[in-house]
Amino acid sequence: MKKHVLFLAVFAMVAGCLVSTVQADDLKVAMVVAGTLGDRSFYDSGNEGIVRAADKLGVETKVFECRNVPSAFSEQIIAAAQSYGVVFTVGWELVDPLLEVAPEFPDVKFIHIDAAIEGVENVSSIDYLENEGSFVAGAMAALMTTKTDDEKINAQKIIGAVGGMDIPVIRNFIAGYEAGARYIDPAVKVEAGFVGSFEDPAKGKEMALTIANKGADIIFQIAGNTGNGVIEAAKEAGFYVIGVDSDQGYIAPGFIMGSMMKRVGLSIFETIQKILDGTYKNGAVMTYGIAQHGVGMSKDSDMKRIVGDDVMQKLDEIEKGIVEGSIPVPERN
């Protein structure tokens, strides 16, 4: 009998080490963004998760903005880590500063958004299969570019994409987009370019108009705040835009065909839940694709009205094929 009691006691101690719950009142969560909130895209999507965690879970939260000032990257991460036990870093620019700062705060849980980081004990990361979502966006564009009964669609099989910067994650977006278009019709041409900044709407507008002048009637903006210029160009020149990261349909109703959402807010909220219930793992890479509802088309009422039931049904079939593995989705070269 004593052996059973001893076993149970040891088991309880081990279980306590493996799963340690945290009270919401004791959890302080910060998010550091490389730029500023208000981009109506990537950063704002992350902020939705922070706001939701504060409202629904009762944790204390704060957002630190670096305003695209490189000298502020490390400073803001340090400031967050000094007062908060959980720090999300959002933006590719923050990877190197994070890796420098994290060892100085071994008790802080750092979670980087939008890249896979391995080998640092107190740094986990959330990586997104944006190529899966972009595959669906490309398929939608290819299906729609032949529907010439729509006044915004011309007779040419040309679609476009405007990327913010030529970095791996944006390349992955474009790889999926091009593959999705080819899946529907290999004859569809994709005109793509990089602005060189996520914070230059004027150049985004200029590049979008250039691509539209080449015959593209649907342009995928993958450019953060720069993408707001792409949307302005669409309203001026009369073509469709595919939004990115957040549901952007409200920005220009009738011109946003749909948005390829990267649900940063969802992944942040779910990660905070894991910390609270004890299932969070330090150093883990958490992957969000279509199966995890981490990426995918917005499917709002405006999108359904623009593309129609036939296209919506086809996109559902493609998503199912991606999840089941019958439709392979390539990554960037």
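Read-outs: derived from the displayed coordinates by stated rules, not from any lab. Bear in mind the structure is a predicted one, so any value in this text is a computation, not a measurement. Positions of Cβ are generated from backbone atoms using ideal geometry, with glycine treated the same way; all protein chains shown enter the neighbour counts.
Which of G138, G164, G283 moves the most in a Gaussian network model of the chain with Cα springs under 10 Å?
Per the Cα network of the chain with a 10 Å cutoff, G283 tops the list.
Can you tell which of N131, A80, V33 lies farthest toward the positive end of the dipole of the chain, using +1 and -1 charges on the Cβ of basic and acidic side chains (Lys, Arg; Asp, Glu)?
The residue sitting most towards the positive pole is N131.
Please state the equivalent ellipsoid semi-axes for segment 229-289: what are the square roots of 5 times the Cα gyration tensor eigenvalues, largest first, in whole Å?
Working through the eigenvalues yields semi-axes of 36, 10, 7 Å.
Output the relative contact order of the chain, whole-number percent, from Cα pairs under 8 angstrom with separation of 6+ residues.
Rounded, it is 19 percent for the chain.
Under a point spin-label approximation (7 Å from Cα along Cα-to-Cβ), what is the V22-D166 distance to one decimal in nm?
Using points 7 Å along Cα→Cβ, the separation is 4.1 nm.
First obtain the Kirkwood hydrodynamic radius of segment 65-169 from its Cα pairs, then insert it into the Stokes-Einstein equation at 4 °C and 1.567 mPa s, and state the resulting D in µm² per second as a whole number.
Once the numbers are plugged in, D ends up at 78 µm²/s.
With each pseudo-label sitting 7 Å past Cα toward Cβ, what's the A54-T148 distance in nm, one decimal?
Modelled inter-label distance: 5.3 nm.
Once Lys and Arg get +1 and Asp and Glu get -1 on their Cβ, which of G193, F255, L209 lies farthest toward the positive end of the dipole of segment 146-296?
G193
Magnitude of the Cβ-charge dipole of the chain, K/R +1 and D/E -1, about the Cα centre, nearest 20 debye?
Computed charge dipole of the chain: roughly 520 debye.
Taking the beta-carbon count within 10 Å as an exposure proxy, list V295, V230 from fewest neighbours to most.
Placing the least packed residue first, the sequence is V295, V230.
In square nanometres, what is the average projected area of the Cα convex hull of segment 127-280?
With every direction weighted equally, the projected area is 9.3 nm².
Give me, ordered by chain and number, the residues 5 or more places off F88 or on other chains with an amide H under 5 Å from its own placed amide H.
So F88 has HN proximity to A30, M31, V32, I111.
For segment 184-262 and segment 275-312, what is the centre-to-centre distance using only Cα atoms, to the nearest Å?
Their Cα centres are 21 Å away from one another.
With 10 angstrom as the radius, rank H293, H112 by how many other C-beta atoms surround their C-beta, starting from the fewest.
In increasing order of surrounding Cβ atoms, one gets H293, H112.
I want the local charge near N68. Using Cβ-Cβ distances under 12 Å, sum +1 for each Lys or Arg and -1 for each Asp or Glu among the other residues.
Result for the neighbourhood of N68: -4.
Mind pulling the per residue volume of the convex hull built on the Cα atoms of the chain? Å³ is fine.
So the per-residue hull volume is 152 Å³.
Please report D245, D150, D39 as a ranked list, fewest other C-beta atoms within 10 angstrom at the top and most at the bottom.
D150, D39, D245
Calculated from DSSP H runs of 4 or more alone, at -39500 (n - 2.57) each and per residue, what is the 222 nm mean residue ellipticity of the chain, nearest 500?
The helix-only estimate for the chain comes to -14000 deg cm²/dmol at 222 nm.
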